[in-house]
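Student: So that we are looking at the same thing, I have put the structure below in structure tokens.
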Amino acid sequence: MRRVLILLAVLCFANLASAQDPANETWQRDLDNGYISTAPLLTDDLVIVRTSGTWDGSGSPHIFAFDYSGELVWQVENPHSLHHDLSPLLLVEQGQGCGGTWQDLLIVAWADGKIQALDVITGLEKWSAQTEIITWGITGSLAIDSDLVVVPTRQGLSTYCLADGALKQRVELEQLGWRNGVTVSGEAYLLGNEEGILNTVYRNGTVISESIGDGKIRHAPMLTNSGILIHLQTASASEVFIAGELFLAAGPSPALPAIYNDRVYLATSEEFIFLDCTLQCESIGSIPFHSNGEIAIQIIDDEQWKVWAPQNNPEGGWGIFTSTDSWYLLQTSIDDYATAAPGFSSDGSYALGNDKGILMFYNNQQIPQVISQSDEELDYTFIITTLVLLISILASAPAFVFHFHERVLKILLPGVVIFMAFNITMISTAWSGFLTEQIEQEGDWDDSWPDEWKGTQVVVFELPEGEVVFGGMSGHKTVENLTDDAAFRLGILIEKESFAIGDWVKSIDGYEGAGWEFRIDGERGLLAINEAQVGSDSVIRWFPA
Amino acid sequence: MVLASGTHGPVLESGWILAIHAVLIGIAFLLLTKPSHNSRREVLLLSSIVLFTAALRVAMEPLPNVQPVTMACLVVGARLGLRRGIAFAIMVTLLSNMVISDGWWTLFQASGWAMVAAVGAKFLNAEGELNMKHLLYLSVASSLFFDWWVSLSIIESGTTFTDFILYLANGLTFDLLHIFATMAFALWLAPAFSNLISEDASLTESALAVGETDVVLG
């Protein structure tokens, strides 16, 4: 009888296990369609994500919608979109207002200036509108103002009725914008631009412009209790302004800031910054971290929340911060550069996307695969090899005292070799950096380039159809990072090859030829692209071998 | 001939790599045919140390520029002479590069280590125990020479003298590692390696003498 009961129990358990809802499984999809640079959106039953496209002719930007089991439900392609599809997707709940009523909508802004309102369930277009293109179109984040969608365009601002897409307001601005997200305040819309000017656009069309500083505003201005917060990207660093006053200086390439419960979260290539703006904003700490993309808030309950920031380096992953002394890095087995924030659902499920174009979904039951690191990561290789070196030095000391030179070498050399062999990347990078500093660079400046590129990082691609240049970048330490950034912004595909000594470029924009070489400020590159260091004002020139 | 610019210089078409292999194997074969009294034991000895050294190089490959072959070439050159030393260097390079990576640079590595073996034959070729002091000096010089010799493989039509000097300067940390590793191998392994070869070689010579006598008597 006992055996029968045990057998029944086992069968019941097996049945329960097999009956697990497939929709609750963790999954990942390689979209093979360029970067995922904006947060996936999670509705009650869909995961919606946008990709940048590959720009080599094999894939244009897409919006994909999957159900929670990972099945593709619908997809929308924009074959006419230009580069830089970075505008975050926007979900709008059903409602009514100007133009009538609307069902749940997904608002998509494209780099070709097009605005689309899609039916969330089917992906079918409800309405669309066209804004201006000046090299490209919309790249900033949209906002909702009651029954209107507010669109920061390339050189202005437009509002459309959510119900039918009718243009409600149009304001032309003087400056060009990139990632120029818009914020809705009580009486006006706020947006910045590439010239460091904050525009306040009133609903009656009046525009007030205020110069914040010598830099670029590449996020939606943030409303705090102390005034409007701007994280200004300058030539080689960044500055945080509150109410028009400089509040603090920070590292290069600022991320898109986030605010929750009067706590403000900022990031750069060097740090993650915490501000408390409960009354007057004050800095309450920072942690060394590298994030240049979107920062997102995951609300646990009324009193608890977590802040997620994508790590924009080859290690990838997402930093999860709860306080200035408590954070960890969530990593997956397929990490790469990450700039997109996670998307969260109300039940605790979440989705991640990275620069490899891989979408990952975790349900609320799943513990992330790998959670590692709190505070700064310890370099165990360095510590152990240093210990080996010290031990070998100590062990050889008696032989040194008694002038047994051969024995000194015999004990000391293995320690030196082990230390050098396991830390050669660090040593050779430091040596290469030292050499670069010693050598007077010839420079590779072209007088036809804009003056504002001076003092910034510039990349030149000598393609068969002509030279393509992108400048004004900052914060990159290696040729690889700088080239990737420029290529992404120009929509050029870089194909790389990995060798034991590092990464090398195989093809640029589909051109392989006899190989590609680079010069840093006129000097031929001699190291792998992930090893070769660049300065804050370096010009990288890629040319066919 | 050249397909593309690679990490160690031009990437060659397979036909050219085959030609390089053929030339190197031909040289090694010619060197080993004389003197003509090679016994099976000597062949076995040379084959064993070639296999051992190639395997050691492959095993050490994850450690950048830690090259046990440099020390081995010095010792083999010293103990087995110029011809076998050079043949040893060529065979070890070809065999280990089959596993690690093969290309235009194989020619430079094989010739580089062949010259190291020649240096060993010329300056270390003494009866009895190895002169450790000389071996250490030659380890330093040979490692540096080998690295710079192999660096010649990156030279192409567009490479200027400044480019090449900068390339060498950037690689100095790797050169240092090669030097220290070769010195460590010399101190820890060379005496045993040398004795092993010497003992085996002397046994070979004894056996050979008997064999020759037999032939004369016959």
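The values are calculated or read from the model by the stated rules, or taken from the named source; none is laboratory data. From a predicted model like this one, the values you see are computed outputs, not experimental measurements. Glycine gets a Cβ as well: all are built from the backbone with ideal geometry, and neighbour counts include every protein chain shown. Keep in mind that these areas ignore ligands, DNA and RNA; they rest on the heavy atoms of the full protein, side chains included. Shrake-Rupley method; radii C 1.70, N 1.55, O 1.52, S 1.80 Å.
Student: Tell me whether the range B:111-129 contains one or more residues that are in contact (Cβ under 8 Å) with a residue 12 or more places away in the chain, within 13 Å of chain A (Cβ to nearest Cβ), of a type in the set (Val, Ile, Thr) and open to solvent by 20 Å² or more (accessible area, probe 1.4 Å).
Tutor: no
Student: Looking at (1) in a loop (DSSP other than H, G, I, E, B); (2) more than 10 Å from every other protein chain (Cβ to nearest Cβ), which one does B:Thr159 not meet, given that it meets all the others?
Tutor: B:Thr159 satisfies all of (1) in a loop (DSSP other than H, G, I, E, B); (2) more than 10 Å from every other protein chain (Cβ to nearest Cβ) except (2).
Student: Next up: Which of the residues that make up the range A:404-431 are within 25 Å of A:Ala528 (Cβ to Cβ) and facing chain B (nearest Cβ under 7 Å)?
Tutor: Correct list: A:Val416, A:Val417, A:Met420, A:Ala421, A:Ile424, A:Ile427, A:Ser428, A:Trp431.
Student: Filter the range A:234-275 down to residues that are in a loop (DSSP other than H, G, I, E, B) and among the polar types (S, T, N, Q) and give me whichever is nearest to A:Ser211 (Cα to Cα).
Tutor: Checked the range A:234-275; the qualifying residue nearest to A:Ser211 (Cα to Cα) is A:Thr234.
Student: I need the full set of residues from the range A:113-134 which are farther than 17 Å from A:Thr38 by Cα and either open to solvent by less than 10 Å² (accessible area, probe 1.4 Å) or in a loop (DSSP other than H, G, I, E, B) (or both), in order please.
Tutor: Hits for the range A:113-134 are A:Gly113, A:Ala117, A:Leu118, A:Val120, A:Ile121, A:Thr122, A:Gly123, A:Leu124, A:Thr131, A:Glu132, A:Ile133.
Student: Can you name every residue in the range A:438-471 that is within 14 Å of chain B (Cβ to nearest Cβ) and either open to solvent by less than 20 Å² (accessible area, probe 1.4 Å) or hydrophobic (A, V, I, L, M, F, W, C) (or both)?
Tutor: Correct list: A:Ile439 only.
Student: In the range B:94-110, which residues are more than 30 Å from A:Glu406 (Cβ to Cβ), of a type outside the set (Phe, Trp, Tyr), assigned to a helix (DSSP H, G or I) and open to solvent by 10 Å² or more (accessible area, probe 1.4 Å)?
Tutor: Hits for the range B:94-110 are B:Leu94, B:Leu95, B:Met98, B:Val99, B:Leu107.
Student: Shifting gears a bit: Yes or no: B:Ser194 under 24 Å from B:Val116 (Cβ atoms), under 19 Å from the mean Cα position of the chain (by Cα) and modelled with pLDDT under 85?
Tutor: Taking the combined requirement at face value, the residue does not satisfy it.
Student: Would it be correct to say that B:Leu166 is assigned to a helix (DSSP H, G or I), within 18 Å of B:Ala78 (Cβ to Cβ), of a type in the set (A, V, I, L, M) and at the interface with chain A (Cβ under 8 Å from one of its Cβ atoms)? So that I can check it myself, show each step before the final result.
Tutor: Numbers: assigned to a helix (DSSP H, G or I): yes; within 18 Å of B:Ala78 (Cβ to Cβ): no; of a type in the set (A, V, I, L, M): yes; at the interface with chain A (Cβ under 8 Å from one of its Cβ atoms): yes.
No.
Student: Quickly run through the range A:504-518 and pick out the residues that are in a strand (DSSP E or B) and either at the interface with another protein chain (Cβ under 10 Å from one of its Cβ atoms) or of a type in the set (Gly, Ala, Ser) (or both). Even if it seems obvious, please write down each step before you answer.
Tutor: Applying the first criterion (in a strand (DSSP E or B)) to the range A:504-518 yields A:504-508, A:511, A:516-518.
Matches in the range A:504-518: A:Trp504, A:Lys506, A:Ser507, A:Trp516, A:Glu517.
Student: Sort out which residues of the range A:417-437 are free of Cβ contacts under 8 Å to residues at least 40 places away in the same chain, within 22 Å of B:Thr162 (Cβ to Cβ) and open to solvent by less than 60 Å² (accessible area, probe 1.4 Å), and write them in order of number.
Tutor: The answer is A:Leu435, and nothing else.
Student: Here's another thing I want to ask about it. Of the numbered conditions (1) under 23 Å from A:Ser69 (Cα atoms); (2) open to solvent by 10 Å² or more (accessible area, probe 1.4 Å); (3) modelled with pLDDT of 90 or more, A:Ser346 satisfies every one except a single condition; which is it?
Tutor: Tallying (1) under 23 Å from A:Ser69 (Cα atoms); (2) open to solvent by 10 Å² or more (accessible area, probe 1.4 Å); (3) modelled with pLDDT of 90 or more, A:Ser346 fails exactly one: (3).
Student: Considering every residue within the range A:195-217, establish whether at least one is modelled with pLDDT under 95, out of contact with any strand residue (DSSP E or B) (no Cβ under 7 Å at 6 or more places or on another chain) and open to solvent by less than 40 Å² (accessible area, probe 1.4 Å).
Tutor: no
Student: In the set A:Ile520, A:Ile529, A:Ile540, which member is more than 23 Å from the chain's Cα centre (by Cα), hydrophobic (A, V, I, L, M, F, W, C) and within 26 Å of A:Glu270 (Cα to Cα)?
Tutor: Values: A:Ile529 fails: more than 23 Å from the chain's Cα centre (by Cα); A:Ile540 fails: more than 23 Å from the chain's Cα centre (by Cα).
One residue alone meets the criteria, A:Ile520.
Student: Take the conditions closer than 18 Å to B:Ala110 by Cα and surrounded by 14 or more Cβ atoms within 10 Å (Cβ to Cβ) and apply them to B:Leu30. Does it pass?
Tutor: No, not satisfied.
Student: Using the structure shown, decide if A:Arg489 is within 14 Å of another protein chain (Cβ to nearest Cβ), open to solvent by 30 Å² or more (accessible area, probe 1.4 Å) and not in a loop (DSSP other than H, G, I, E, B). Talk me through it step by step, then tell me what you get.
Tutor: Working: within 14 Å of another protein chain (Cβ to nearest Cβ): no; open to solvent by 30 Å² or more (accessible area, probe 1.4 Å): yes; not in a loop (DSSP other than H, G, I, E, B): yes.
No, not satisfied.
Student: Residue check, A:Phe400 against (1) free of Cβ contacts under 8 Å to residues at least 60 places away in the same chain; (2) away from every other protein chain (no Cβ under 14 Å); (3) closer than 27 Å to A:Ser238 by Cβ; (4) assigned to a helix (DSSP H, G or I), all met but one. Which one?
Tutor: Going through (1) free of Cβ contacts under 8 Å to residues at least 60 places away in the same chain; (2) away from every other protein chain (no Cβ under 14 Å); (3) closer than 27 Å to A:Ser238 by Cβ; (4) assigned to a helix (DSSP H, G or I) one by one, A:Phe400 breaks only (3).
Student: Let me ask you something else. With the condition kept exactly as written, say whether any residue in the range A:220-238 is over 28 Å from A:Leu148 (Cα atoms) and in contact with a Leu (Cβ under 8 Å, 6 or more places away or on another chain).
Tutor: Yes - at least one qualifying residue is present in the range A:220-238.
Student: Quick check on A:His290: is it of a type outside the set (S, T, N, Q), within 23 Å of A:Thr456 (Cα to Cα) and without any contact (Cβ under 8 Å) to a residue 40 or more places away in the chain?
Tutor: Yes, satisfied.
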